[in-house]
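Notes for the one structure printed next.
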Amino acid sequence: MGKKLVKLGVVFALSISFLCYNAVPTYAAYTTDTWNLRYVKGGPASDSIWQWYETVEANGTSTVMTADRVNRGAEVHMIATNGIDVYAYKSGTYASALVKPGAHVFAKVTFKEYGNYTNYPKGTFKY
């Protein structure tokens, strides 16, 4: 009789844990998008990419924006509606902010300064 109750208890506990796990909403893994800007010194405006933007639905609990290849006097402005607002004037710039999973976030990257040479800043937006 004792072994039967133990087995029944184990089955009951596993059933409860299975129900609890499946009752909690889960979200997909973070998504990472890349952005690229381009300023061609002396070239026509059509050769340059002045800004990048998108609206997304957050998959995780934070958003992260990074910037690389920002040099030679260039400066890039990165913003997101969940609280990121940073100016990147060198490579390796990183900014993050909390967000509720499922929230809509607008992210935008623009040149603040173009610099004195051709520049190709790039970066990521993780949400």
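Here is how the numbers come out for the structure above:
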quantity	calculated
Potential lengthening between residue 72 and residue 41 on full extension [0.36 nm per residue; Cα-Cα distance subtracted]	10.0 nm
Accessible carbon and sulfur surface of the stretch 69-118 relative to its total accessible area, %, 1.4 Å	49 percent
Cα gyration tensor shape for the stretch 81-127, rounded if a/c is under 1.5, else prolate or oblate	prolate
Solvent exposure, largest accessible area first (probe 1.4 Å, DNA, RNA and ligands not counted), of 77, 104	104, 77
Around residue 63: net Lys/Arg minus Asp/Glu count, Cβ-Cβ under 15 Å	-1
Accessible area (Å², 1.4 Å probe, nearest 10) - residue 47	70 Å²
Those residues of the stretch 101-127 whose amide nitrogen sits under 17 Å from the label point placed on residue 55, 7 Å along Cα→Cβ	102-109
With all protein chains modelled, accessible area of residue 55 [1.4 Å, Å²]	90 Å²
Pairwise centroid distance, computed over Cα atoms, of the stretch 66-121 with the stretch 34-53, Å	14 Å
Prolate/oblate/rounded label for the stretch 49-127 (Cα gyration tensor, a/c 1.5)	prolate
Solvent-accessible surface (1.4 angstrom probe) belonging to residue 57, in square angstrom, nearest 10	100 Å²
Net +/- balance of residues flanking residue 76 in space, Cβ distance below 13 Å, scoring K and R +1, D and E -1	+3
Where labels lie 7 Å past Cα in the beta-carbon direction, separation of residue 48 and residue 94 in nm	3.0 nm
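The values are calculated or read from the model by the stated rules, or taken from the named source; none is laboratory data. All figures in this text were calculated on a predicted structure; none of them were measured in a lab. Quick reminder, even Gly has a Cβ in these numbers, built from the backbone with ideal geometry, and neighbours come from all protein chains shown. To get the accessible areas, we keep the full protein, side chains included, count just its heavy atoms, and leave off ligands, DNA and RNA. Shrake-Rupley method; radii C 1.70, N 1.55, O 1.52, S 1.80 Å.
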